[in-house]
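The values are calculated or read from the model by the stated rules, or taken from the named source; none is laboratory data. Here the structure is a predicted model, which means the values were calculated and not measured. Here the Cβ positions follow ideal geometry from the backbone for every residue, glycine too, while neighbour counts run over all protein chains shown.
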Amino acid sequence: MRDFQSRDFQSPGRSAVIAQNGICATSHPLAAKVAVQILEAGGNAMDAAIAGAILLGLCEPQSTGIGGDAFCLFNLPGSDDVHAMNASGRAPAGLDAAKLRAEGLDVLPLTSPHAISLPGAMDGFIRLAKDHGKIGLKAILAPSIHYAEAGIPVAPKVAFDYAQSGATLWGAGRRHYTLQDTPLTVGQMFRAPGQAEVLRRVAMDGREGFYEGEVAEDMVASLNAAGATHTLDDFAAVRADYTDPISGTYKDIELVEHPPNGQGATAILMLNILKHFDIAGLDPMGADRAHLEAEAAKLAYDTRNRVIADPDHTARLDHMLSPETAAKLAEMIDPNAAIPPSLPGAEAVHRDTVYITVVDKDRMCVSMIYSIFHSFGSGLASDKFGILFQNRAAGFTLEEGHPNEAGGGKRPMHTIIPGMVKRAGKIEMPFGVMGGAYQPCGHARFLTNMEDFGMDPQTAIDRPRCFAEGDTLNVETGYSEAVAQALADKGHTVTRAETPIGGAQAIRLRPDGMLEGASDPRKDGIALGY
């Protein structure tokens, strides 16, 4: 693997962060700073990850918040066993696909109040802090309570997203998340005193401070006023679940992913397909590699759309992960011609999520991803406390009999996936790639950059990306015009991406005992260690 010091220091870029005791890598500097401060004060990686994640809901309110969902992969100190936490919320009991079809809907619109699923992240954070943290909720939540009151200056990427998506805010969402009905710009302060009060109640009363009492009443009243069916019983019933990870191999590594209802199996399937091609023999920035990746993504995502659903309804996961399935799909790929872009999609696509990873001095590794789905979620916030609701239930389909058919009490298919890499049975790297539907493709791109081309994590993150989405192949500006034309010649409808494709963070446990952090320049964040 290429050493980080070999990068060209005359070219724009960033160095990896090397530290001995602990590192946080995430998409906003303030969250990374707070996470490291938690570590320095005696907290462990779980404490730091939760503290940083909740703060990210204030640093990047368009991407995440306490009205959203989370997934987590982690180990315990001294162990290489990976554990998983599913903190994704379910649909309210009153959600009825047949009724929605009768109203003429064939998909759940992103802006529909019926697309708002219950917020699962807070229950997951509370359980993880109690079961695996060291310092307790009051200390974990203190930084976010402070910054919610004092305010946080809007960072450049956050302002970019406000300009692109701020118009999706409506109702109390506009009152709590704009400045006099105008999107926030770089350097303006975002304050959320209502959320500070919510977090104070959670610090004192635990989950009851959020899922019961006045905070829950505010959320239910706001949702009901918008036409949603949510009840106090729905909120009181929210529970995060520990579950067992899934994994697959690629060359010398094992990729550990979260099981359904997350789409982690899609990344494993993509790598299983790519095994059938000599990726390492191709130009890493050439058209042939980009083409094979795009074709593998189309086939893997089509499989995802047919299989992934609520864990109680995902019946063909073994088929999706089997080598035989990957081999048959690989046979469908023509190295010189694109598959027609007619594969069905089952979910709405978003590009806004936050990811945080922390490794501490005891080598506890936490890989955590946290989202409100679409940019600014549903656009609707609770009236009193300003909790922005996610629109994750838009991840359901209304197709009758589909495993991912919308239904009361079900979890929708989820796009957000934390990752973890093992080598020779040892945890080597917690990592994550933001970017909605792109995430499995991003996992495959990041790992093949490292395993096939010898890139270090920071270089693997920095390199340009492309993504076959719908009927187009989006390519970032880092690809040359010659490569774009070669892809078009293979039959792709090539477009230049209007926004950066995703974002990524990683921490590698180096063979020399040091930690190596990497952070995506497509976001505002950094890796920070001590």
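Miscellaneous remarks
- Failed condition for residue 155, given (1) surrounded by fewer than 16 Cβ atoms within 10 Å (Cβ to Cβ); (2) within 25 Å of the chain's Cα centre (by Cα); (3) aliphatic (A, V, I, L, M): (1)
- Criterion violated by residue 111 - all others in (1) within 18 Å of residue 68 (Cα to Cα); (2) modelled with pLDDT of 95 or more satisfied: (2)
- Conditions (1) farther than 16 Å from residue 65 by Cα; (2) under 24 Å from the mean Cα position of the chain (by Cα); number of the one not met by residue 228: (2)
- Against the conditions (1) assigned to a loop (DSSP other than H, G, I, E, B); (2) modelled with pLDDT under 95, residue 238 satisfies every one except (2).
- Qualifying residue in the stretch 484-495 (condition: free of Cβ contacts under 8 Å to residues at least 12 places away in the same chain and of a type in the set (S, T, N, Q)): yes
- Selected residue [surrounded by fewer than 19 Cβ atoms within 10 Å (Cβ to Cβ) and either within 19 Å of the chain's Cα centre (by Cα) or closer than 24 Å to residue 530 by Cα (or both)] from 68, 42, 22, 104: 42
- Considered as a group, the residues in the stretch 414-426 that are crowded, with 24+ Cβ neighbours inside 10 Å and modelled with pLDDT of 95 or more include one that is farthest from residue 259 (Cα to Cα), and that residue is 421.
- Unique match (being buried (at least 17 other Cβ atoms within 10 Å of the Cβ), in the same structural domain as residue 139 (by TED's automatic domain parsing), part of a loop (DSSP other than H, G, I, E, B) and hydroxyl-bearing (Ser, Thr, Tyr)) among 63, 79: 63
- Cβ-Cβ under 9 Å pairs, at least 6 apart or on other chains, the stretch 312-324 side touching a residue at least 12 places away in the same chain (Cβ under 8 Å) and assigned by TED's automatic domain parsing to the domain that holds residue 263, far side β-branched (Val, Ile, Thr) and part of a loop (DSSP other than H, G, I, E, B): 314/308; 317/308; 320/308; 320/314
- Put simply, of 264, 281 the only residue that is outside the structural domain of residue 70 (by TED's automatic domain parsing) and more than 17 Å from residue 333 (Cβ to Cβ) is 264.
- Single residue of 93, 84 found to be in a loop (DSSP other than H, G, I, E, B), over 23 Å from residue 191 (Cα atoms), of a type in the set (A, V, I, L, M) and touching an Asp or Glu at 6+ places or on another chain (Cβ under 8 Å): 93
- Pair list, Cβ under 8 Å, 6 or more apart: the stretch 7-20 residue closer than 26 Å to residue 509 by Cβ, other residue exposed (fewer than 12 other Cβ atoms within 10 Å of the Cβ): 20/513
- Any hit, the stretch 468-491, residues being crowded, with 24+ Cβ neighbours inside 10 Å and in contact with an Asp or Glu (Cβ under 9 Å, 6 or more places away or on another chain): yes
- Within the stretch 374-385, tally of residues that are at pLDDT 95 or above, in contact with an Asp or Glu (Cβ under 9 Å, 6 or more places away or on another chain) and not polar (S, T, N, Q): 5
- Residue 324 vs. criteria under 19 Å from residue 251 (Cα atoms), in contact with a Cys (Cβ under 8 Å, 6 or more places away or on another chain) and assigned to a helix (DSSP H, G or I): no
- Filter result for residue 179 (within 19 Å of residue 392 (Cα to Cα) and not assigned by TED's automatic domain parsing to the domain that holds residue 316): no
- Residues of the stretch 252-298 classified as touching a strand residue (DSSP E or B) at 6+ places or on another chain (Cβ under 9 Å), within 18 Å of residue 323 (Cβ to Cβ) and in a loop (DSSP other than H, G, I, E, B), total: 2
- Of the strands (runs of 3 or more DSSP E) entirely within the stretch 391-477, those holding at least 1 residues that are among the basic types (Lys, Arg) occupy 418-423, 426-434.
- Scope the stretch 486-529; condition in contact with a Leu (Cβ under 7 Å, 6 or more places away or on another chain) and assigned to a loop (DSSP other than H, G, I, E, B); matching residues: 492, 493
- Where a residue in the stretch 222-250 is under 13 Å from residue 120 (Cβ atoms) and its partner, wherever it lies, is part of a loop (DSSP other than H, G, I, E, B) and among the aliphatic types (A, V, I, L, M), with Cβ under 7 Å and at least six apart: 234/93; 234/118; 235/118; 238/118
Residue by residue, here is whether (1) within 21 Å of residue 274 (Cα to Cα); (2) charged (D, E, K, R); (3) assigned by TED's automatic domain parsing to the domain that holds residue 295 holds:
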site	(1), (2), (3)
433	yes, no, yes
442	yes, no, yes
446	yes, no, yes
451	yes, yes, yes
467	yes, no, yes
472	yes, no, yes
497	no, no, yes
501	yes, no, yes
507	no, no, yes
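- Some residue of the stretch 4-18 being at pLDDT 95 or above and hydrophobic (A, V, I, L, M, F, W, C): yes
- Selection status of residue 309, of a type in the set (A, V, I, L, M), more than 18 Å from residue 473 (Cβ to Cβ) and touching a His at 6+ places or on another chain (Cβ under 7 Å): no
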